[in-house]
Every structure is written in structure tokens, then in C-alpha cells.
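As C-alpha cells, the structure follows; a few thoughts come after it.
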Amino acid sequence: MDMTATDLDADGISKEAIDIRNLTQAQLMQLGMSQLAYVKPVWMDGETAFAIFAADGSPMAVAADCELAVAAIIQHEMVAASVH
């Protein structure tokens, strides 16, 4: 099926129902991408900091502590995941 601009909502997502049992690998990788971020401890300037990454691994920000990193994610209406 070919999609046109009128078949997509404001976020570029199909308005039609999708059978999740038949998702392509690309569709599966995009699932929740814009709503999920994860926090990972990193070593920066001789101290532990907490980096915030998008679901695809793109760096977004660094915070001084884990609670601040999670608060920043929530403030941006995203879901935080912790990576150890």
C-alpha cells in the first residue's frame, strides 16, 4: 500500500491500524523512539555524571546526578529508563 501525506497524522504516523504481528524490523525499531530516553553513568572531568541518551543511542544531555537526569527526561514528557 502506498502512503500519501493525507494518510499520515501530524507526527507522520499512519492513521490506519497496523497489525503488530507483521511489523518490519524498521517499524519495530521506531516504536516508542521519540518517547523513551535512558540514563547511563559516565565519567566526565574526573567525576561521575549521568548522561541522557535517546532510545536510538543519540546523546541528549548530561546531568550532575541521576535524579536530575530523570527529572529532565520527565519534564520533556518522555519515559526514563536506567542502564547499568
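The values are calculated or read from the model by the stated rules, or taken from the named source; none is laboratory data. Not measured: the values here are computed from a predicted model. Cβ placement follows ideal geometry from the backbone for every residue including glycine, while neighbour counts extend to all protein chains displayed.
For region 12-19, the criterion of being outside any helix (DSSP H, G or I), polar (S, T, N, Q), at pLDDT 95 or above and surrounded by 11 or more Cβ atoms within 10 Å (Cβ to Cβ) is met by no residue.
Can you confirm whether GLY57 is within 9 Å of the chain's Cα centre (by Cα), surrounded by fewer than 16 Cβ atoms within 10 Å (Cβ to Cβ) and on the phi > 0 side of the Ramachandran plot?
Yes.
The set of residues in region 62-84 being buried (at least 16 other Cβ atoms within 10 Å of the Cβ), outside any helix (DSSP H, G or I) and either among the small types (Gly, Ala, Ser) or in contact (Cβ under 8 Å) with a residue 60 or more places away in the chain (or both) consists of ALA63, ALA80. Go through region 32-53 and report how many residues are part of a strand (DSSP E or B), small (Gly, Ala, Ser), modelled with pLDDT under 95 and over 12 Å from VAL83 (Cα atoms). Qualifying residue count for the region: 0.
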